[in-house]
1. Does residue 358 fit the bill of being part of a helix (DSSP H, G or I), modelled with pLDDT of 95 or more and not assigned by TED's automatic domain parsing to the domain that holds residue 186?
2. Suppose we keep only residues that are exposed (fewer than 14 other Cβ atoms within 10 Å of the Cβ) and closer than 15 Å to residue 32 by Cβ within segment 58-74. Which one would you say is nearest to the chain's Cα centre (by Cα)?
3. Take segment 180-199 and flag every residue that is within 20 Å of the chain's Cα centre (by Cα) and part of a helix (DSSP H, G or I).
4. Among the residues of segment 208-224, write down those that are surrounded by fewer than 21 Cβ atoms within 10 Å (Cβ to Cβ), in contact with a strand residue (DSSP E or B) (Cβ under 6 Å, 6 or more places away or on another chain) and within 28 Å of residue 177 (Cα to Cα).
5. Go through segment 138-179 and give me each residue that's part of a loop (DSSP other than H, G, I, E, B), at negative phi and out of contact with any strand residue (DSSP E or B) (no Cβ under 8 Å at 6 or more places or on another chain).
6. If I ask for residues that are crowded, with 21+ Cβ neighbours inside 10 Å and farther than 26 Å from residue 80 by Cβ, which ones from segment 248-278 would you list?
7. Can you list residue pairs whose Cβ atoms sit under 7 Å apart, with the first residue in segment 197-225 being in contact (Cβ under 8 Å) with a residue 40 or more places away in the chain and on the phi > 0 side of the Ramachandran plot and the second being in a strand (DSSP E or B) and surrounded by fewer than 16 Cβ atoms within 10 Å (Cβ to Cβ)? Count only pairs 6 or more apart in sequence or on different chains.
8. Quick check on segment 38-57. Is at least one of its residues surrounded by fewer than 19 Cβ atoms within 10 Å (Cβ to Cβ), part of a strand (DSSP E or B), modelled with pLDDT of 95 or more and within 21 Å of the chain's Cα centre (by Cα)?
């Protein structure tokens, strides 16, 4: 029976376990992870409120053991690539025919003086979530360092719980990785209107404390923000230390793999946050620490372990989030990413009602699409709206990119309409954005 060892208990490891379990082939699967209880990392901000038990946000180990895998709670210290075995901190050794490294990522801890004070927490683990739950019940003032998706989600949740919240972001606007400035400015204004203070173009230079607890956040302009606690959310970095010391090739983006998700060492694969990812659009190494990407990569690994040669085409980074009344997201390359890549591109924008104009509660859907000038292919797009349909809008953009859709394809695509559910028959947010791009060619 083929032995498969998986290092890591995140979505990639669980997905591979499930696929192998459903196969008619028989496998001896061992999954090794160093957290006794994993939390749903994307949901951590929403676990701060005590409206639901904290356990609702935990990921049951039965999602591993009920699918035929042996679960080992330990930390892998060594990979013997010649002998095809791994050794854990407790001294256990496990042989493998195929090894999957899915060690995930870790929060970036900026080198800010006094960052080790009490009441400064990241947004990652079960312990982090439980600490923030306690802070929200006990304290009144919070500073969030970092204005990406997670930072903004935490800020919104804290504000809704009655906490005075300030976001400090070193970039010109929040959400700079996933949103173009016109979208980011709208979202930023919205969260400010809802009572969250935002300091852009600002860096934290130190933390102040008293009796071991943080009391203030020192900014590069000399101002000090009084606070009861601090949330640090400035991104993550791939966990590559184990791979590096085992002779497995890595880069600043993660563990290097080929199109089959194989590393440079035979019979060793890698997926998820720890693995280097390549853009579906450009083919270049790209950041993309989303749970969905881990799942997509893991499917490819599982297929290859099962003996079906399968290629991973690259990441599109379809993403979505929310802040108070707005929801928003993007897929592929936003305009400034296309600019950064040196691509010759054109954008098209639209604002279309989400229902027929005579219906109650009508609001606008703002869409921007990015096309390559030469091929006219869709490179990416963004959506900003109210309501809960943004993920579906982003998914359309992502699928259109995967299918190689052009401006002409989108102009001809057929869609549904309904007074309560969509724009009137003549109007479509993607079609209007494509028409706007076509005018600029």
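1. No, not satisfied.
2. 65
3. 181, 183, 184, 187, 188, listed by residue number.
4. 216, 218, 220, 224
5. Passing the criteria: 148, 161, 170, 171, 172, 173, 176, 177.
6. 277
7. Pairs that qualify, where the first residue is in contact (Cβ under 8 Å) with a residue 40 or more places away in the chain and on the phi > 0 side of the Ramachandran plot and the partner is in a strand (DSSP E or B) and surrounded by fewer than 16 Cβ atoms within 10 Å (Cβ to Cβ), are 212/118.
8. No, segment 38-57 contains no residue that is surrounded by fewer than 19 Cβ atoms within 10 Å (Cβ to Cβ), part of a strand (DSSP E or B), modelled with pLDDT of 95 or more and within 21 Å of the chain's Cα centre (by Cα).
The values are calculated or read from the model by the stated rules, or taken from the named source; none is laboratory data. Not measured: the values here are computed from a predicted model. Ideal geometry is used to build each Cβ from the backbone, glycine not excepted, and the neighbour counts take in all protein chains shown.
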